[in-house]
Amino acid sequence: MVNYRNFCDHCMQVQRDLEKQPLIQLAEDEAPSRIRHNELTDKDEIYFHNTLLPKLQHIAREQGLVVKNNFLDFDFNRNGRVTKGQFLRGLPDKFQVACSKSDVEILVQKYGVKDMFGTTVDVDYHSLHLDISGSDPALSLPDGLTQSTIEQRQSHMDAIPRIPVLSQLERRVRQICRDKKLHLLPFFQDFDKMRTGFCTSKIFTRVLASLGLDTISEELDILASIYQSDKHKDKWVDYKAFCEEMTSSPSAVRSHLQELFDTFRREFCARGAAGLVGLLHSFESKDLSRKGLISLAHFSDSLRACGLSLSSDELDAIFAHFGQQGLLNYLAFVREVRGSLRRNRRVIVEEVYSFCFLNTGLIDMQRLFEDFDANFHPRSMDGSLSYQDCLRDLEDGVSLRRAGRAPTAEDLLDYWAMISFNLSDEQFEFCVRRSRRI
């Protein structure tokens, strides 16, 4: 169908221009913008951008509203416009409850399409939809970042993804999900109509309680805090990552690697950082090109030299995850042996040791040693190392004695993951907070 009204308005405009300047050369119109705005008064513009639009974005994000879907039944031409009456009838109920009459009038003025006589005859609902879903990245991208920012971060990240270290609570929940054969994702998606992969902590705990996990209801808030996204502007829970972790098959390569690295961490938690440094040096002796890559045969030989032996299936699983260009990335392997902190523990370490973090991502090692109290090092607490040995273990564990490479904040976080592997959350927080002299 043809929008004859727009055609007639355009012809009238051309005719008026020709009456004023008969010899003017008609220029080819540029492609119209996807978003159409009208100028409001200064006061209304400030109110619209600072109050009204953020309010509508918040409602759309919480309710999972796709604004344009409310108007499609009225828009037979599919040109993104409806009449003023249709706009008022199609405006989502949540919007109508939250908006006053003056708010609705501002929306009509902002997105109204005027004819040649200045009368608003249509409202461009598609521009409203783009403003609500496009201006707020959290509605178009789940982590609240623009696509260019995500690509930029991914290009600087390690090509090999980290293997999550599960807490005892996560292991219990995963076992329950496996025993009951729960398929969690559809239950969360019922509350996430926009399929962002995120939900509020309240919805997260409600869904799990309805699935029969109410026996651990007191710990569901802790579980939600573990999967909260620091990048998301509202700190919502990444339920998609939770579902992938909880429903992973016991026979999957990821599950095999998690069990295997748990064994490695127990071993090197007992040996200390010196054992990890020895393992790294054993790998480096086989790496003649100094690219961080060695063959699988050399990798197996280095493990045996350090008193570790793996089956052929375990070696295949490791190579499937750490293999690059037919070789194995042993630097990423050693990093996984140290482990990684889950969100709730990571926040504590970053808070306590922020004093020694530099803007470049490196660590001021001098300040770290000045303020570190080795009496509260986990291995000092259990009596396995002396005060001085704990300081040496800290230095070796963070730097790994790698020449020409400055320790980073991630190195300190991974070191705490290694030495706190057997600690409960309460013991971990006690050791971390007491380990800094104040």
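The values are calculated or read from the model by the stated rules, or taken from the named source; none is laboratory data. Just so it is clear, the model here is predicted, and its values are computed rather than measured. As a convention, Cβ positions derive from the backbone with ideal geometry for all residues, glycine included, and neighbour counts pool all protein chains shown. The protein model used for the area step is the full one, side chains on, heavy atoms only, and it has no ligands, DNA or RNA in it. Shrake-Rupley method; radii C 1.70, N 1.55, O 1.52, S 1.80 Å.
Summary of computed values
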quantity	calculated
Residues of segment 36-91 classified as of a type in the set (A, V, I, L, M), touching a residue at least 60 places away in the same chain (Cβ under 8 Å) and either open to solvent by 60 Å² or more (accessible area, probe 1.4 Å) or closer than 26 Å to ASP192 by Cβ (or both), total	6
Subset of segment 183-222 [in a loop (DSSP other than H, G, I, E, B), open to solvent by less than 60 Å² (accessible area, probe 1.4 Å) and at pLDDT 85 or above]	LEU184, THR200
Residue count for segment 352-379, restricted to those that are of a type outside the set (Phe, Trp, Tyr), open to solvent by less than 70 Å² (accessible area, probe 1.4 Å) and closer than 24 Å to LEU280 by Cβ	11
Odd one out for SER225, checked against (1) closer than 17 Å to ASN344 by Cα; (2) part of a loop (DSSP other than H, G, I, E, B); (3) of a type in the set (Ser, Thr, Tyr)	(2)
Counted residues, segment 366-388 - those being part of a helix (DSSP H, G or I), in contact with a Leu (Cβ under 9 Å, 6 or more places away or on another chain) and not hydrophobic (A, V, I, L, M, F, W, C)	2
Residues located in segment 92-106, provided they are surrounded by 18 or more Cβ atoms within 10 Å (Cβ to Cβ) and without any contact (Cβ under 8 Å) to a residue 40 or more places away in the chain	PRO92, PHE95
Evaluation of GLY307 against (1) of a type outside the set (Ser, Thr, Tyr); (2) surrounded by fewer than 17 Cβ atoms within 10 Å (Cβ to Cβ); (3) part of a helix (DSSP H, G or I) (one fails), failing number	(3)
Candidates ASN329, ASN344, ASN375, ASN359 - the one that is polar (S, T, N, Q), out of contact with any Pro (no Cβ under 7 Å at 6 or more places or on another chain) and closer than 30 Å to ALA297 by Cβ	ASN329
Scan of segment 1-56 for residues that are modelled with pLDDT under 70 and basic (Lys, Arg), ordered by number	ARG16, LYS20, ARG34, ARG36
For SER133: the one exception among (1) outside any loop (DSSP other than H, G, I, E, B); (2) under 25 Å from ASP192 (Cα atoms); (3) at pLDDT 80 or above	(3)
Within segment 239-254, tally of residues that are open to solvent by 60 Å² or more (accessible area, probe 1.4 Å) and in a helix (DSSP H, G or I)	4
Residues located in segment 285-301, provided they are in contact (Cβ under 8 Å) with a residue 24 or more places away in the chain and buried (at least 17 other Cβ atoms within 10 Å of the Cβ)	ASP287, GLY292, LEU293, ILE294, PHE299
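To keep it simple, each residue is scored yes or no on (1) in contact with a Gly (Cβ under 9 Å, 6 or more places away or on another chain); (2) not acidic (Asp, Glu).
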| residue | (1), (2) |
| --- | --- |
| SER249 | no, yes |
| PHE268 | yes, yes |
| ALA273 | yes, yes |
| ASP287 | no, no |
| ILE294 | no, yes |
| PHE299 | no, yes |
| SER311 | no, yes |
| PHE319 | no, yes |
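Residue-by-condition table, conditions (1) buried (at least 20 other Cβ atoms within 10 Å of the Cβ); (2) touching a Leu at 6+ places or on another chain (Cβ under 9 Å); (3) part of a helix (DSSP H, G or I):
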{"residue": "LEU315", "(1), (2), (3)": "no, yes, yes"}
{"residue": "ILE318", "(1), (2), (3)": "yes, yes, yes"}
{"residue": "LEU328", "(1), (2), (3)": "yes, yes, no"}
{"residue": "GLU336", "(1), (2), (3)": "yes, yes, yes"}
{"residue": "SER340", "(1), (2), (3)": "no, yes, no"}
{"residue": "ASN344", "(1), (2), (3)": "no, no, yes"}
{"residue": "GLU350", "(1), (2), (3)": "no, yes, yes"}
